[in-house]
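Everything below concerns the one structure shown next.
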Amino acid sequence: MKKLLTYIGLSSLLILGGCSSGGSGAEAEQFPTKPIELVAPATPGGGWDATARAIQKILKDEELVEGNINVVNKPGGSGEVGWQYLKGKDAHSLAINSSLLITNNLLGQSELSYEDFTPLAVLTTEWISIAVANDSPFADAKQLMEQLKEDPSSIKIALAPGLGNNDHLSFVQAAKEYGVDVSKLNILIYESGGDVVTALLGGHVDVATMSISESKEQHLAGKFKVISVSSAERLEGLEEVPTWQEQGVDMVFPHWRGILGPPDMTEEEIAYYDKAIGDMVETEAWTELMKNNEWELFYKNSAESAEFLKEQTQMYDTLLSESGLTD
Amino acid sequence: MGVDFDVILEGLMTALEPMNLFWIALGGFLGTVVGMLPGLGPATAIALLIPITFGMDPVSALVLMAAIYYGAMYGGSRSSILLNTPGDGSAIAATFDGYPMAQKGQAGQALAISAIASLIGGLIAVVGFIMLAKPLASFALRFGPAEYFLLMIFTLSAIVALSKGAMVKGFISMTIGLLISTMGIDLQSGVHRFTFHLPELSEGIDFLIVIIGIYAVGEVMFNYIGIDKPRGKKKEVGKIWITKDQWKRSKWPIIRSAPLGFLIGVLPGAGGAIASMISYTTERQISKKPEEFGKGAIEGLAAPESSNNAASVGAFIPLLTMGIPGSGTTAVILGAVVMLGIKPGPLLFENDPELVWTFINSMFIGNIFLVILNILLVGLLVKILDTPAKILYPLILVLAFIGTYTLSYSPIDFTFLLIFGLLGLAMKLLSFPIAPLILAVIVGSDMEQNFRKSIVGADSALSIITMSPITIVLTLLTLLSLFYPMILGWFKKRKLNNLPK
């Protein structure tokens, strides 16, 4: 009995933590008419969940939306479960998304594409880095690519958590520019970015491709060397690391996150979110959040996002087929 | 590098601030509770608490989350001992002798020794942390795919060898577990295996569903079958404190298991389940009375309890020295502290020594708090044994379903829960050992992925055995654990034959 009581006590505490009440003074007809629901298509604790909860907090603290806003976790299928859920909802539901929405579809793992939704915003990007061990024979990305050109399977490349993701495809695109036969690359997939770091530190792989947030601290501590970043300009704190563009590859490769709405939203509803999200990315709390996570502002409003997703789809389509993952 | 005691003391003072003491106590309490409940593990609890930590001081947040983590190690074994349903992977080994002890009327003593063992294991590990954090971190890096693969083979062989007299059944049980672990996307090729076009299955089946289904639901079904039989005399609860003799038997197993668990905890990806299992089998194999193991031998409970708590401390070493999470729970903690502006990584010790040492000292205080809390709770918890079955078992079922739902918020998991419940029932009726299956589910997919990574660039699959000194040692240990019982049995037989009739 005691056990049950503690359980009820605990769960109500957790629920309270999730949804302390906000003001509910919205007029009757005006959007939103009920609490807004933000879908994190992942379990609590991961990057998508963290993004969703940060958005929830800032929108609420800064009073950028009327009424309450709740985060709902719908994990599974690399976002598929959460986005399927969103598809059947009205404009009071939103979901976090990333390029997985596009690549899942291209890889044949999902029926959904960005055209099934209303893109509302692209928020932030992380940049992608290439790292090698300190005692690596490759001083820069050029030397690495020359070696791969000669023998594409002579080097073990680590990445996480799945083939066809940004870390993978950015490397493929760069290698392709150098004339490497990218279908023969020797790629080892690890479960998480942490495992990739461990593998490189332990000398179990030759090269690793991962987010800046995963490699920066190791590089600064001199544990391994970052030899290239996927941004257009050199990054703050990593000024000594050249971009791909400086090393002869005309490529800027973002790893972005955005917000989707359900299909068939009215213009009024879209405008409402454009305002709220546009204001949110200007807040100090948002700047602080990005700094802590090594994210960079990559804001695009609803109209720009739709255009951006279209371009991205074409790009990923080409990359996936060239890397041998799709026909 | 030397250890700077001024910094350590300063950290102790910060950890002793009333506010931090409050967080330690709260975290320890919450951890004990979630650890006790089947399915609600520390990772879920911490993930749900993340929004609350947003406004907190980073040090307090880290202290709170860590307390939940090791608190759950104390709590996890409570339900293993009392109900034969482990709350988490690392509490499985506690069912082997903990539950038989409770059945023999020693529930109070079982609960007490597991708390004491956890305390000693935790304290030894904290000392190890202070002295050896950095060298151990670089030792852990030497574990590549081949080493992990062989470590997991060793763990599995140890547990199969454990099913004495029923090796074949143990082996079948393990194989079913390995089969279950192949479900989901194969990382190396991106192919979906046995997912039946269900997106919910793309990441495989969470091992916690298997644990809750087979142990908790299976146990309830098993008891339901016998519910009409008259129950024997009321179960004795026994004394709450352990006897001198029990302490004598447990002392060395506890002390031996702590460093072992600590070392395994340091390896990213190994964790409490493997640590407690290896400690248990090691103790059984060096014991003078191995036949008592599995029938309520107190050292068979003390050893894994010391080990898994030491492992939970060790798991923080890769996190704090390299920024690499060593377990599912520390991965969640990493995500949370990053949001607060802490940057765990190789520079954390230099940039933020106060945070690190406050944290380490909080583990000292937390372990002491937890042992007091858990011993105070013994009197209350043993009452569970007096609860009539018609109240207790429905309650367990409710908890099992809630726990399952919190794993991925997907009702489809309830179906799997029931399937595994039926599987558990069948295994109990046919007396198949359950632990090999569970452990295989826990390590199976990592084992496969590591094997496939290790043979990339290797001459042949067998050449990974001689890849490094570590792989050779692990291979020898595996052979030893498989054939040791056989050799031992052979010697015994000879001895018996030599006795005069």
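Observations
- Within the stretch B:402-423, the residues that satisfy the criterion of being within 12 Å of another protein chain (Cβ to nearest Cβ) and within 24 Å of B:THR32 (Cβ to Cβ) are B:ILE402, B:GLY403, B:TYR405, B:THR406, B:LEU407.
- Screening the stretch B:387-407 for residues that are at pLDDT below 85 and in contact with a helix residue (DSSP H, G or I) (Cβ under 7 Å, 6 or more places away or on another chain) and picking the one that is surrounded by the fewest Cβ atoms within 10 Å (Cβ to Cβ) gives B:ALA389.
- Residues of the stretch B:282-318 that are surrounded by fewer than 24 Cβ atoms within 10 Å (Cβ to Cβ) and part of a helix (DSSP H, G or I): B:THR282, B:GLN285, B:ILE286, B:PRO290, B:GLU291, B:GLU292.
- Flag for B:ALA93 being in contact (Cβ under 8 Å) with a residue 40 or more places away in the chain, over 17 Å from B:ILE360 (Cα atoms) and in contact with a helix residue (DSSP H, G or I) (Cβ under 8 Å, 6 or more places away or on another chain): yes
- The stretch B:176-194, residues that are within 9 Å of another protein chain (Cβ to nearest Cβ) and either outside any loop (DSSP other than H, G, I, E, B) or touching a Ser or Thr at 6+ places or on another chain (Cβ under 8 Å) (or both): B:ILE185, B:HIS192
- For the stretch A:133-162, the candidate set comprises residues that are buried (at least 19 other Cβ atoms within 10 Å of the Cβ) and away from chain B (no Cβ under 14 Å); within that set, the residue that is nearest to A:ILE187 (Cα to Cα) is A:LEU148.
- Taken over the stretch A:72-91, the residue count meeting the criterion of being under 19 Å from A:GLN56 (Cβ atoms) and either in a strand (DSSP E or B) or more than 7 Å from every other protein chain (Cβ to nearest Cβ) (or both) is 10.
- Taking the criterion of being within 13 Å of chain A (Cβ to nearest Cβ), at pLDDT below 90 and assigned to a helix (DSSP H, G or I), the only residue of the stretch B:458-471 that qualifies is B:ILE464.
- The residues listed here are A:PRO161, A:PRO137; of these, the one that is out of contact with any Phe, Trp or Tyr (no Cβ under 8 Å at 6 or more places or on another chain) and in a loop (DSSP other than H, G, I, E, B) is A:PRO137.
- Candidate set: the stretch B:54-80, residues that are more than 19 Å from B:PHE316 (Cα to Cα) and more than 14 Å from the chain's Cα centre (by Cα); chosen: the one farthest from the other protein chains (Cβ to nearest Cβ): B:ASP57
- Within the stretch B:181-209, being aliphatic (A, V, I, L, M) and free of Cβ contacts under 8 Å to residues at least 12 places away in the same chain holds for one residue alone: B:VAL191.
- Within the stretch B:10-34, tally of residues that are within 12 Å of chain A (Cβ to nearest Cβ) and more than 18 Å from A:GLY45 (Cα to Cα): 4
- Taken over the stretch B:137-146, the criterion of being surrounded by fewer than 23 Cβ atoms within 10 Å (Cβ to Cβ) and either small (Gly, Ala, Ser) or more than 9 Å from chain A (Cβ to nearest Cβ) (or both) is satisfied by B:ALA137, B:SER138, B:PHE139, B:GLY144.
- Filtered residues of the stretch B:378-391 (kept if within 12 Å of chain A (Cβ to nearest Cβ) and within 19 Å of B:GLY98 (Cα to Cα)): B:GLY379, B:LEU380, B:LEU381, B:VAL382, B:LYS383, B:ILE384, B:ASP386, B:THR387
- Residue list for the stretch B:400-415, restricted to those being within 16 Å of A:GLY82 (Cα to Cα), more than 23 Å from the chain's Cα centre (by Cα) and not hydroxyl-bearing (Ser, Thr, Tyr): B:PRO411, B:ILE412
- Condition check for A:THR43: among the hydroxyl-bearing types (Ser, Thr, Tyr), assigned to a loop (DSSP other than H, G, I, E, B) and assigned by TED's automatic domain parsing to the domain that holds A:ASN104: yes
- Condition met for B:VAL127 (crowded, with 17+ Cβ neighbours inside 10 Å and closer than 25 Å to B:SER77 by Cβ): no
- Residue within the stretch B:46-64 that is polar (S, T, N, Q), closer than 15 Å to B:LEU377 by Cβ and assigned to a helix (DSSP H, G or I) present: no
- Taking the conditions (1) away from chain A (no Cβ under 13 Å); (2) on the phi < 0 side of the Ramachandran plot in turn, B:GLY165 satisfies each one other than (2).
- Screening A:ALA199, A:ALA208 for residues that are crowded, with 21+ Cβ neighbours inside 10 Å, within 9 Å of chain B (Cβ to nearest Cβ) and in contact (Cβ under 8 Å) with a residue 40 or more places away in the chain leaves exactly one candidate, A:ALA199.
- Annotation note: Cβ proximity below 6 Å between a residue of the stretch A:67-94 that is farther than 21 Å from B:THR406 by Cα and a residue that is surrounded by fewer than 18 Cβ atoms within 10 Å (Cβ to Cβ) and polar (S, T, N, Q) (sequence gap 6+ or interchain) occurs for A:GLY67/A:SER24.
- The criterion of being buried (at least 19 other Cβ atoms within 10 Å of the Cβ) and at pLDDT below 85 holds for B:ILE384.
- Total residues in the stretch B:428-457, condition over 10 Å from B:MET174 (Cβ atoms), away from every other protein chain (no Cβ under 12 Å) and small (Gly, Ala, Ser): 1
- A:ILE128 vs. criteria outside any strand (DSSP E or B), in contact with a helix residue (DSSP H, G or I) (Cβ under 7 Å, 6 or more places away or on another chain) and away from chain B (no Cβ under 14 Å): no
The values are calculated or read from the model by the stated rules, or taken from the named source; none is laboratory data. Just so you know, these numbers come straight off a predicted model, no measurement behind them. We place every Cβ from the backbone using ideal geometry, glycine too, and count neighbours over all the protein chains shown.
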